[in-house]
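The values are calculated or read from the model by the stated rules, or taken from the named source; none is laboratory data. Because the structure is predicted, anything quoted here is derived from the model rather than measured. Here Cβ is always computed from backbone atoms with ideal geometry, including for glycine, and neighbour counts include all displayed protein chains. These accessible areas exclude ligands, DNA and RNA; they are computed on the full protein's heavy atoms, side chains included. Shrake-Rupley method; radii C 1.70, N 1.55, O 1.52, S 1.80 Å.
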Amino acid sequence: MSTSAVEITGLNKWFKAFHVLKDINLTVARGERVVICGPSGSGKSTLIRCINGLERHQEGRLTVEGVELSEEIGQIEAVRANVGLVFQQFNLFPHLTVLENCTLAPMWVKRLPKREAETLAMKYLERVHIPEQALKYPGQLSGGQQQRVAIARALTMEPRIMLFDEPTSALDPEMIKEVLETMVELAETGMTMLVVTHEMGFARTVANRVVFMDEGEIVEIAPPEEFFTKPKSPRTKEFLSQILR
Amino acid sequence: MATPLRIAWWRRRRTRDLLFQAALIAGVLLLFGIMANNAIQTVERQHIATGFGFLDHTAGFDVVQTLVRYDETSTYGRVLLVGILNTLLVAAIGIVLATLLGFLVGIGQLSSNWLVARLARSFVEIVRNLPLLLQIFFWYFAVLRALPGPRESWGVADAVFLNNRGLYLPAPVAESGFGFVMLAFAAGAIASIFMFLRAKAVRERTGRVSPVAPGTTALLVVPALLASAAAGFPMSFSVPALSGFNFQGGIVVLPEMMALVVALATYTASYIAEIVRAGIEGVARGQTEAAQALGLNRGQMLRLVIVPQAMRQIIPPLTSQYLNLTKNSSLAVAIAYPDLVSVFAGTTLSQTGQAIEIIAITMAVYLTLSLLTSAFMNWYNARVALTER
């Protein structure tokens with residue numbers, strides 16, 4: 001078994017005629033934290049959604065924790081069991097309480113007893129600092145709290161890899177901090193993380209590597225220090241000049 | 001301090017409101033007065049006795065399908081009951097079939113299978129866009145009345161027959177000791193409910209999922225079977241058999257009833273299918289993705305995430321479809337199915353001439369049915385409504 005968490009080689013994807021991912025090669029080691037950034041429409045969200053099979057690639061190989069993502073339903077399920085995903089829009093289930101949001105998958109996918117699933121859910125709700133909201137419905141919480149519930153919900157499946165698809169882009173400015181802090185704490189536990197974000201502060205302090213994408217291609221991969229101080233490609237420079245003022 | 005503006009009296013809001021209100025009340029009273037006066041004059045001119053005494057008079061006509069004992073010596077009151085029950089029968093069967101077919105077609109429209117989706121879509125577009133009366137005529141005249149006569153019936157296993165006089169089915173006949181079998185069946189049914197609840201409790205406690213269908217089915221069937229064996233099978237079937245020009249024995253479903261039920265069920269199902277499709281599509285795309293990302297399979301996703309949220313949008317329009325079906329069943333009169341309108345607001349009215357009383361009673365019956373249906377659906381809606389905040 002390889003030591004990499006995610007291995008992507010020669011990946012290509014089209015939406016109809018639109019070539020959205022062009023020949024992507026990326027290997028993420030276990031415990032590594034990778035931030036993916038780039039202008040909107042660069043394919044970064046699509047790439048991250050390919051990693052748990054929400055989007056299907058047409059060419060190339062994608063291996064997650066040693067399991068190749070193929071057309072087989074069993075393979076996709078095996079991959080999803082190892083991968084948690086946090087969405088930009090939270091996507092909590094509005095008809096279930098916070099606790100039920102977190103116990104649904106452990107009970108129905110992992111077949112855990114209800115009591116055990118609840119203990120597990122409370123453990124992760126405590127980790128994201130909102131155990132007291134367990135019996136409320138998502139609609140009663142602030143955006144930041146909802147996003148932390150979404151992180152807890154993904155963690156209750158005890159994945160080896162966590163994917164974040166612009167987790168703070170839908171939040172009011174004062175709530176971004178609490179979510180980022182939760183993510184930093186998660187990073188400290190040694191979780192493998194792939195994060196699509198424009199939060200350059202987060203990238204600087206947490207990421208091992210920063211991936212810059214533009215027009216469906218990976219333009220540059222570098223450690224944060226190098227990425228922010230001496231970007232190689234002119235496209236990276238232009239992007240950084242727009243985002244860092 | 002500002003001086004109040006001088007406003008003409010007829011430009012004050014309060015005066016205007018009062019004036020409009022008074023004019024409306026006067027108009028309504030006038031309308032009712034004219035109608036009442038007209039009715040009284042008609043009654044006097046035609047020497048019709050008013051009141052509900054006619055309900056005790058002998059009807060003197062036969063009805064082809066009755067769920068309660070009825071013959072020509074029965075009263076008009078009895079006709080009313082027969083009509084109500086026939087309407088209820090068609091409405092109840094129609095609602096169940098329309099709901100099943102509607103949900104099936106509605107989900108089918110969203111199928112990733114091209115053929116299934118197209119078939120469902122075509123069904124909706126064809127059935128929804130033809131007049132219901134025409135569809136009743138289609139099923140009655142073009143399909144069921146066009147079947148061969150009794151002698152050339154289509155039969156299954158010499159027990160079920162279909163011909164232009166109706167669908168003939170074997171009828172169960174209870175013999176002595178049958179109560180014992182029913183008791184055993186009831187006991188089995190209760191036991192199977194307990195088994196189902198226990199399986200649910202076990203699932204929550206241990207997470208183990210055991211299939212309950214075989215066990216509960218066995219509990220429903222085996223005790224009743226053993227009891228009837230012990231009692232020497234105290235039930236026989238009256239099997240329809242051809243004698244002379246028609247079938248004797250068994251029970252018959254009239255072609256009028258079949259045509260009406262099929263037409264109402266398919267027509268309403270086409271609307272329900274659209275309601276179900278819209279309800280499911282109305283659930284945000286992100287919900288599906290979140291369920292998938294957590295590893296739920298397609299069935300779990302529909303059952304635990306999508307349908308509970310879709311139901312909130314489905315139930316209110318579903319209620320009005322149930323009401324529509326019940327009211328549309330009065331089109332029965334066109335093919336002479338003996339529903340409420342046909343036997344009471346039709347035959348009884350023309351025989352007695354008690355138009356005001358009969359129309360009032362008939363309206364009251366439909367109104368009561370509709371309000372009861374609405375009340376039940378509102379209760380159900382409140383139960384499944386989203387408790388979002």
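Comparison of B:Arg203, B:Arg198, B:Arg277 shows that the only residue that is in a helix (DSSP H, G or I) and within 14 Å of chain A (Cβ to nearest Cβ) is B:Arg203. Screening A:Val184 against (1) within 14 Å of chain B (Cβ to nearest Cβ); (2) without any contact (Cβ under 8 Å) to a residue 24 or more places away in the chain leaves a single unmet condition, (1). Here A:Val34 clears all of (1) closer than 25 Å to B:Thr288 by Cβ; (2) within 16 Å of the chain's Cα centre (by Cα); (3) among the hydrophobic types (A, V, I, L, M, F, W, C) except the condition numbered (1). Does segment A:156-173 include one or more residues that are closer than 24 Å to A:Val28 by Cα and part of a helix (DSSP H, G or I)? Among the residues of segment A:156-173, not one is closer than 24 Å to A:Val28 by Cα and part of a helix (DSSP H, G or I), which makes the answer no.
When the test is whether a residue is touching an Asp or Glu at 6+ places or on another chain (Cβ under 8 Å), open to solvent by 30 Å² or more (accessible area, probe 1.4 Å) and modelled with pLDDT of 90 or more, B:Ser320 does not pass it. Here is the figure for segment A:75-87: residues that are more than 8 Å from chain B (Cβ to nearest Cβ) and either more than 29 Å from A:Gln147 (Cα to Cα) or open to solvent by 50 Å² or more (accessible area, probe 1.4 Å) (or both) total 1.
Output the residues belonging to segment B:223-243 that are open to solvent by 70 Å² or more (accessible area, probe 1.4 Å) and in a helix (DSSP H, G or I). Residues satisfying the conditions are B:Leu225, B:Leu226, B:Ala230. Just one of the listed residues (B:Leu55, B:Leu19) is within 18 Å of B:Ile359 (Cα to Cα) and of a type in the set (A, V, I, L, M, F, W, C), and it is B:Leu55.
Within segment A:174-204, if we keep just the residues that are in a loop (DSSP other than H, G, I, E, B) and open to solvent by less than 30 Å² (accessible area, probe 1.4 Å), the residue that is farthest from A:Ser142 (Cα to Cα) turns out to be A:Met191. Please go through segment B:13-65 and pick out each residue that is in a loop (DSSP other than H, G, I, E, B), open to solvent by 50 Å² or more (accessible area, probe 1.4 Å) and not aliphatic (A, V, I, L, M). Residues satisfying the conditions are B:Gln46, B:His47, B:Thr50, B:Phe52, B:His57, B:Asp62. The residues of segment A:88-144 that are on the phi > 0 side of the Ramachandran plot and either modelled with pLDDT of 90 or more or more than 8 Å from chain B (Cβ to nearest Cβ) (or both), listed by number, are A:Phe90, A:Asn91, A:His129. Can you name the residue in segment A:145-169 that is among the acidic types (Asp, Glu) and within 12 Å of chain B (Cβ to nearest Cβ) and is also least open to solvent (accessible area, probe 1.4 Å) among such residues? Taking the candidates together, the pick is A:Asp165.
Within segment A:52-69, residues that are within 13 Å of chain B (Cβ to nearest Cβ) sit with their Cβ atoms under 6 Å from residues that are in a loop (DSSP other than H, G, I, E, B), at 6+ positions apart or across chains, in these pairs: A:Gly53/A:Leu69.
Here the condition is being among the small types (Gly, Ala, Ser), in a helix (DSSP H, G or I) and open to solvent by 50 Å² or more (accessible area, probe 1.4 Å); of B:Ala92, B:Ala98, it holds for B:Ala92 alone.
Exactly one of these conditions fails for B:Arg303: (1) modelled with pLDDT of 90 or more; (2) within 14 Å of chain A (Cβ to nearest Cβ); (3) part of a helix (DSSP H, G or I). Give me its number. The failed condition is (1). Every condition in (1) within 34 Å of the chain's Cα centre (by Cα); (2) aliphatic (A, V, I, L, M); (3) open to solvent by 80 Å² or more (accessible area, probe 1.4 Å) holds for B:Leu80 except the one numbered (3).
Within the option set B:Ala227, B:Ala241, being among the small types (Gly, Ala, Ser) and without any contact (Cβ under 8 Å) to a residue 12 or more places away in the chain holds for one residue only, B:Ala241.
I'd like to know if segment B:368-383 contains one or more residues that are surrounded by fewer than 17 Cβ atoms within 10 Å (Cβ to Cβ), closer than 30 Å to A:Leu135 by Cα and either touching a strand residue (DSSP E or B) at 6+ places or on another chain (Cβ under 7 Å) or of a type in the set (Lys, Arg) (or both). Within segment B:368-383 (the criterion being surrounded by fewer than 17 Cβ atoms within 10 Å (Cβ to Cβ), closer than 30 Å to A:Leu135 by Cα and either touching a strand residue (DSSP E or B) at 6+ places or on another chain (Cβ under 7 Å) or of a type in the set (Lys, Arg) (or both)), the answer is yes, since at least one residue qualifies.
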